[in-house]
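Notes follow the structure.
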Amino acid sequence: MASGVRTVDKLKIVPALFNASLTSVASAAGKWVSMKGYNNLTIIIETANLLTPTASAVTVSQASYVNGVNSKACQIDYVWQANDCNNSVNLVQTTVVSNTFNTVNTANANSVAILEIRADRMDLANAFTALQVNMAQATNQTATVTYIMGNIPRYSGGMNSFMNPLSD
């Protein structure tokens, strides 16, 4: 396959949170990433629930730099969720209220939630270009978060020309 048409040539994939056990801790935060070289960020949140789970409240924070200083909530319009991936992977679009949504709290269910964040929806007037996903209030749940950056990078030339999303 020619270079430039493969997924790996078009997207930057950033593991943000690996198997975070929300059994004994009440919250977890993914890595901060810079959107300076990217027009779009897709956030994929996979959760695995134990017997008596409590849902995670998921938010996205934005800041001027990847150190997260002076962060604030980022606008989230929709989430696409598959609530029981053992039986169906059909994604259902749901409107997000107050920039927060909850993961599934069904016992022993594996679920996936997908968020789409466009760079032009961030607080550009205050030079906010960094993003982070946050999960709070959960118990008996394990979460993995992956960021997929790009779709159409702000600068052409393929993956190796993308800006490093982990630095400003």
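The values are calculated or read from the model by the stated rules, or taken from the named source; none is laboratory data. Note that this is a predicted model, so its numbers are computed, not measured. Counting neighbours? That spans all protein chains shown, and the Cβs are built from the backbone with ideal geometry, glycine included.
Is it the case, given these coordinates, that Ser61 is polar (S, T, N, Q), under 16 Å from Asn105 (Cβ atoms) and either surrounded by 17 or more Cβ atoms within 10 Å (Cβ to Cβ) or free of Cβ contacts under 8 Å to residues at least 40 places away in the same chain (or both)?
No, not satisfied.
On the given criteria, is Asn134 more than 9 Å from the chain's Cα centre (by Cα) and touching a residue at least 24 places away in the same chain (Cβ under 8 Å)?
Criteria not met by Asn134.
Pick from the stretch 104-118 the residues that are among the aliphatic types (A, V, I, L, M) and in a strand (DSSP E or B): which of them is modelled with the lowest pLDDT?
That would be Ile117.
So if I check each of Ala138, Ala127, which one is among the aliphatic types (A, V, I, L, M) and either crowded, with 17+ Cβ neighbours inside 10 Å or touching a helix residue (DSSP H, G or I) at 6+ places or on another chain (Cβ under 6 Å) (or both)?
Testing whether each residue is among the aliphatic types (A, V, I, L, M) and either crowded, with 17+ Cβ neighbours inside 10 Å or touching a helix residue (DSSP H, G or I) at 6+ places or on another chain (Cβ under 6 Å) (or both) leaves just Ala138.
For Leu51, all conditions in the list (1) in a strand (DSSP E or B); (2) surrounded by fewer than 14 Cβ atoms within 10 Å (Cβ to Cβ); (3) free of Cβ contacts under 8 Å to residues at least 60 places away in the same chain hold save one; what is the number of the exception?
It fails just one condition, (3).
Only one of Asn86, Asn70 is at pLDDT 90 or above and surrounded by fewer than 17 Cβ atoms within 10 Å (Cβ to Cβ); which?
Asn70
Would you check which residues across the stretch 64-103 are in a strand (DSSP E or B), among the hydrophobic types (A, V, I, L, M, F, W, C) and touching a Phe, Trp or Tyr at 6+ places or on another chain (Cβ under 6 Å) and list them?
The answer is Val79, and nothing else.
Among the listed residues Asn40, Asn99, Asn90, which satisfies the condition of being over 21 Å from Met149 (Cβ atoms) and not aliphatic (A, V, I, L, M)?
Asn90
In the stretch 89-121, what residues are among the hydrophobic types (A, V, I, L, M, F, W, C), surrounded by 16 or more Cβ atoms within 10 Å (Cβ to Cβ) and either in contact with a Ser or Thr (Cβ under 7 Å, 6 or more places away or on another chain) or within 23 Å of Thr54 (Cβ to Cβ) (or both)?
Val96, Phe101, Val104, Ala109, Val112, Ala113, Ile114, Leu115
Return yes when Trp80 is crowded, with 20+ Cβ neighbours inside 10 Å and of a type in the set (Phe, Trp, Tyr) and no when it is not.
No: the conditions fail for Trp80.
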